[in-house]
Structures are given as structure tokens and as C-alpha cells.
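The next block holds one structure in the form of C-alpha cells; read it before the comments.
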Amino acid sequence: MAGTTSYDHEQLVPGDTAALGYDPNYVPDSVKSFVVHMYRHIREKNVYEIHQMYETSFQSISDRFFKDSPWPIVDAVAPYVDNDHVFCLLYREMWYRHLYARLSPSPEQRIESWDNYCSLFQVVLHGVVNMQLPNQWLWDMVDEFVYQFQSFCQYRAKMKNKTEQEIALLREFDQAWNVYGVLNFLQALVEKSMIIQILAQEKEGLEQFTATDGYDYNGGSNVLKVLGYFSMIGLLRVHCLLGDYHTGLKCIAPIDNSQQGVYTSVIGSHISTIYHYGFANLMLRRYVEAIREFNKILLYIFKTKQYHQKSLQYEQILKKNEQMYALLAISLSLCPQVKLVDETVNSQLREKNGDKMLRMQRFDDEAFALYDELFSYACPKFITPSPPSYEEPLVNYNQDAYRLQLKLFLYEVKQQQLLAGVRTFLKVYLTISLGKLATYLEVDEPTLRTILMTYKHKTHSVDSDGKIISNADVDFYIEDDMVHVLESKPAKRYGDYFMRQIVKLEGIMTDIDRIRLE
């Protein structure tokens, strides 16, 4: 397990806040009241009140008093909460998260935040944690932990303009946000929580983890179990950031994302799970699985968007929504399986990316530029986890991992260029001789056989269980120098079409009534 670095917590605050008159030791009455009540509710395991204070009170106090400055340091509020060690760790976790959201953390604060996560997770792993916390908070802890790791890797990789003091700090605290430390904590939370065994027992009807949303209604604690559960999603995200998609999908395998689960109880967790799961499948050429999952989550967001408009995550939801439409456009361009997409999602997709998708089918330079554009917009912020070279000249390498993943992706797209022509002819014929198809494609027969083998290879992939699965909308087999085509016929869905037209008609009638009244 990665150890903590020895830093004097909370002594440093951003320099610009001092100019604004920020006093780290001043505790407004509303903050006193907040910490006193939050401490009491945590001791009483009152999840409902904790959730209300965490989601609403913390934000309203932040907006009123700390829009451009950090909250009071922990030493200033500790006397109001009996100097409780665990509460102070939780307070610091929120303190740093607010700092990252509203300001730019200093190098020292990045390291201090790592220290705090180390201390907090070690208490959860090795101490006795007798409290219940809302799923939203526990998800935010894991999500923020991975985000700050990603942010630190990006910061550390920009070496060009680093000062001597920053370089000295990075050298001294080289274990802070170390990739092995991050992975070890997440893996330790999964293992210690026994969450994989709990989910397996739930399938046999021996556990009630999902039915209770992970909460313990017998007076116990949900903290370790739910942190372990969300850590599997955290591991998926970290491995996606590292470009290790196989391992990421293995980490998430115990969660059955074809069913409702605890991950769907928090909108941020739900979207992050499916975004990273879908992206990993896309990069492994499992296009059908990626399309299915993107379709499901995009339909869910479309139906529930209005309920999240007041949520703090609303902007993030909208951004991920747009990114997943871009990934869906890529998936469908490489694997035209429109029958897997709901009519509502398809309509939105055509509105957002319809023109681009038509141009992407041509596989010319303009098409490659569009694949590049959509991928760059929608992909995770890949990281290089290794520490920098401190020798001169100092260079920025924060884009290296992204450029490598983009290169691999575009290489795959260019290989698909060859298959576009084959697919066009296979969609026209039920049977065609190899000689005739070779003539149409302007190649000789041996080359055609190679192209057809490539088509077979590129339209099949290996799933998580090691089985070969087909992504093809058009498949074929060869017998006696004849190509026999097997096309899956999409089931026509008239219901969706009529429902959409009814909604349009109602909208027009409402507009007409409004015009009449005016």
C-alpha cells in the first residue's frame, strides 16, 4: 500500500485569495452550524439529513461565502466537532474537492490532497468505520480521487515552464499520486469490501445489496461495501486513461450493467460507467456492444434530463451526453447497425452528427479528419503515469498518451477503408461469383480472398468470455467459388414512428392554439 507523504496539512492556501481578504481561520456562523449538524447526523447515521446537507447546504454556503476562496481550514473547525479524526478527514475531502472545482490547486495542495485520501482510505480499510454515508458522497470520493490523479498526471507532464521549486517538490514527493498507489487503494477497497463475493451471492438470492441500494438497515455501515463497489468503476476509468481496455473491462465484470444496480442510483456513476465501458468496447472493436450500451444510456438521459436540471452535475451530464453521441456516430460509421438504436436516439444522432456520418462513410481524407475530430472531442483525457525526466531540456509530454491512442484508432479506421467497398457489393447481391466481385473491386482473385478474410477478421471480435462475436450487419460464406451473402433484416418498428409523429402533431397544435390566443 502506498504510504502518505509528510506534509503539514492546510497551511497553504492560494496566494490570490489572500489578496481578497481570505482568512483561513475565520469560521462564519453558517459554517459552524453546518459542521456541528453534519457531525451530529453522521454520528446518528441519519443518511437523509447527511445527503441534504451534503448536496444542498454545502453548495449554498459555498456560493454565498466561498465562491472564490477555500473553506476555513480544518484546524479552525475541528474544535466544533470534538476534534473527531474521521470527520476531519471527511471535511478535508470536501475542502479539497471545492478547491479543485472553484480555484487552481497549488502543487503543495495537490500533494496534501493525496495525503488526505491516503489517510481516509486507510481508516476505511484498517479502522472501524461505524457510519452510513449517502451513495452520492461515496461515489464523489472515488470519482474525485481518480480525477485528481488524472489532473496531477497532466500537471506533472507539463514540464516546460516548471519552476525550480516545483521540480524540487516533485522530486521530493515522488510517491504522491503514484499510479501503483492509486490502483492499490482502489483494488484494496474492492478486495476488503468483499463486494465481488457479495454481488455473486446476490445472484443466488443470498444477499440484498442492490435491493437496499447498498445501505445497511440493520445498524451497520455501508461505507466500505459501497466504496468497494464504486472502486470497480474507478478502476475501469483508470485503465481507460492508461489505454488498457481489457483490464478495465475485467475490473467492471462483476457489475451486471444489463440490470439496474447501485451504479444507477447516482446519475454521475451511471453515466461514467457506461461511457468508459462503451469506449473500452469501441477500442476493442466490440462495436455492437458499444452501440447497445450508448443507445441505452442516451435514451435514459433523454427521458430523465429535466429531473437533473438543478443538479450540480447537469453541465457534466450534458457534456458526456454530447461525447457519447460522438462515440455512437463513430461506432455506427464503423459498424452500420442502426437497427440496434432506438428511434428517439437515432433522431437526435441525425440532428447532431447526421451530416458528418454521411461524409465519414466515404473513407477519404475528409472522412479521416472527421473521425479524428469526433474521437478527440469524445475520448477520455489519456495520461502518461510515469514520472518525468528532470534532465534538461524540460519538455511537455502531456499529449503523448492521447496522440498514441488517436494514432491507433485512426490506423484501425484506415483498415476499414478497404472493407467499405466490399460491404457495398455484399449488400446488393445474395450470391456473386468471386471472379465477378474481383472485377467490380478491380483486384485479382487471390487479393480478393485476402480482402474477404480481412473483412471476416475486422467484423468479428473476442468478447470478455473469450468467445468470438460478430459485429457484421452483412455476413457471408464462400462455397464453390461463389460468395453467399447473409444479411440480417431489421425488424420494422412502426410504433416508434407513430409515437414520434403524434408528439410532433401535438406540438404543432399547441403552437397554433398559442398563436390564436395572441
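The values are calculated or read from the model by the stated rules, or taken from the named source; none is laboratory data. Please read all numbers here as calculations on a predicted model, not as lab measurements. Using ideal geometry, Cβ is built from the backbone for each residue, glycine included, and neighbour counts are taken over all protein chains shown. When the accessible area is computed, the model is the full protein with side chains, heavy atoms only, and any ligands, DNA or RNA have been set aside. Shrake-Rupley method; radii C 1.70, N 1.55, O 1.52, S 1.80 Å.
Considering only residues that are touching a helix residue (DSSP H, G or I) at 6+ places or on another chain (Cβ under 6 Å) and of a type in the set (Gly, Ala, Ser), look in region 361-415 and name the one that is modelled with the highest pLDDT.
Ala378
Can you run down the residue pairs with Cβ atoms below 7 Å, 6 or more apart or on separate chains, where the first is in region 292-307 and assigned by the TED database to the domain that holds Pro336 and the partner is of a type in the set (Gly, Ala, Ser) and part of a helix (DSSP H, G or I)?
Glu293/Gly278; Phe294/Gly278; Phe294/Ser331
Counting only residues that are without any contact (Cβ under 8 Å) to a residue 60 or more places away in the chain, open to solvent by 30 Å² or more (accessible area, probe 1.4 Å) and assigned to a helix (DSSP H, G or I), which one in region 232-248 is farthest from Ala188 (Cα to Cα)? If you could, list the steps in order and put the result at the bottom.
Initial filter on region 232-248 (without any contact (Cβ under 8 Å) to a residue 60 or more places away in the chain): 232, 235-236, 239, 244-248.
So of that shortlist, the ones also open to solvent by 30 Å² or more (accessible area, probe 1.4 Å) come out as 244, 246-247.
Subset that is assigned to a helix (DSSP H, G or I): 246-247.
Numbers: His246: 20, Thr247: 16 Å.
Selected residue: His246.
Say we look at region 67-119 and pick out the residues that are in contact with a Lys or Arg (Cβ under 7 Å, 6 or more places away or on another chain) and open to solvent by less than 10 Å² (accessible area, probe 1.4 Å); which of these is farthest from Trp177 (Cα to Cα)?
Val74
So Ile432 fits all but one of (1) over 30 Å from Asp475 (Cα atoms); (2) at pLDDT below 95; (3) among the aliphatic types (A, V, I, L, M); what number is the exception?
(1)
If you go through region 319-353, how many residues are open to solvent by less than 60 Å² (accessible area, probe 1.4 Å) and in a helix (DSSP H, G or I)?
23
Among the residues of region 252-266, are any at pLDDT 95 or above, part of a helix (DSSP H, G or I), within 30 Å of Asp473 (Cβ to Cβ) and open to solvent by 30 Å² or more (accessible area, probe 1.4 Å)?
No, region 252-266 has no match at all.
Among what's in region 136-172 and is among the hydroxyl-bearing types (Ser, Thr, Tyr) and farther than 12 Å from Pro388 by Cβ, pick the residue that is least open to solvent (accessible area, probe 1.4 Å).
Filtering region 136-172 for residues that are among the hydroxyl-bearing types (Ser, Thr, Tyr) and farther than 12 Å from Pro388 by Cβ, the one least open to solvent (accessible area, probe 1.4 Å) comes out as Ser151.
Within the bounds of region 363-380, is there any residue that is open to solvent by 80 Å² or more (accessible area, probe 1.4 Å) and not in a helix (DSSP H, G or I)?
No, there is no match, as no residue in region 363-380 is open to solvent by 80 Å² or more (accessible area, probe 1.4 Å) and not in a helix (DSSP H, G or I).
Between a residue in region 338-356 that is in contact (Cβ under 8 Å) with a residue 60 or more places away in the chain and of a type in the set (Ser, Thr, Tyr) and any residue that is in a helix (DSSP H, G or I) and surrounded by 14 or more Cβ atoms within 10 Å (Cβ to Cβ), which pairs come within a Cβ distance under 9 Å, given they are 6 or more apart or on different chains?
Thr344/Leu298; Thr344/Leu299; Thr344/Phe302; Thr344/Asp496
Before we move on, is Val86 under 27 Å from the mean Cα position of the chain (by Cα) and closer than 19 Å to Val226 by Cβ?
When the stated conditions are applied, Val86 does not pass them.
Which condition does Ser258 not pass, out of (1) in contact (Cβ under 8 Å) with a residue 24 or more places away in the chain; (2) under 30 Å from Glu204 (Cα atoms), if it passes all the others?
So Ser258 meets the others, but not (1).
Would you confirm whether or not region 422-430 contains a residue that is assigned to a loop (DSSP other than H, G, I, E, B) and more than 30 Å from Gly181 (Cβ to Cβ)? Reasoning before the result, please.
We begin by selecting, within region 422-430, every residue assigned to a loop (DSSP other than H, G, I, E, B); these are 429-430.
If we keep only those that are more than 30 Å from Gly181 (Cβ to Cβ) as well, we get 429-430.
Among the residues of region 422-430, at least one is assigned to a loop (DSSP other than H, G, I, E, B) and more than 30 Å from Gly181 (Cβ to Cβ), which makes the answer yes.
Please state which one of Asn396, Asn471 is in contact with a Lys or Arg (Cβ under 8 Å, 6 or more places away or on another chain) and open to solvent by 40 Å² or more (accessible area, probe 1.4 Å). Spell out the reasoning first.
Working: Asn471 fails: open to solvent by 40 Å² or more (accessible area, probe 1.4 Å).
On inspection, the qualifying residue turns out to be Asn396.
Could you say which residue among Ile469, Ile451 is closer than 23 Å to Leu332 by Cβ, more than 35 Å from the chain's Cα centre (by Cα) and either in the same structural domain as Gln323 (by the TED database) or not in a loop (DSSP other than H, G, I, E, B) (or both)? Break it down stepwise before answering.
Details: Ile469 fails: more than 35 Å from the chain's Cα centre (by Cα).
On inspection, the qualifying residue turns out to be Ile451.
Do you know which residues across region 197-210 are modelled with pLDDT of 90 or more and either surrounded by fewer than 16 Cβ atoms within 10 Å (Cβ to Cβ) or under 18 Å from the mean Cα position of the chain (by Cα) (or both)?
Matches in region 197-210: Gln197, Ala200, Gln201.
Residue check, Gln405 against (1) more than 16 Å from Ala326 (Cβ to Cβ); (2) touching a residue at least 60 places away in the same chain (Cβ under 8 Å); (3) surrounded by 13 or more Cβ atoms within 10 Å (Cβ to Cβ), all met but one. Which one?
With respect to (1) more than 16 Å from Ala326 (Cβ to Cβ); (2) touching a residue at least 60 places away in the same chain (Cβ under 8 Å); (3) surrounded by 13 or more Cβ atoms within 10 Å (Cβ to Cβ), Gln405 is out only on (1).
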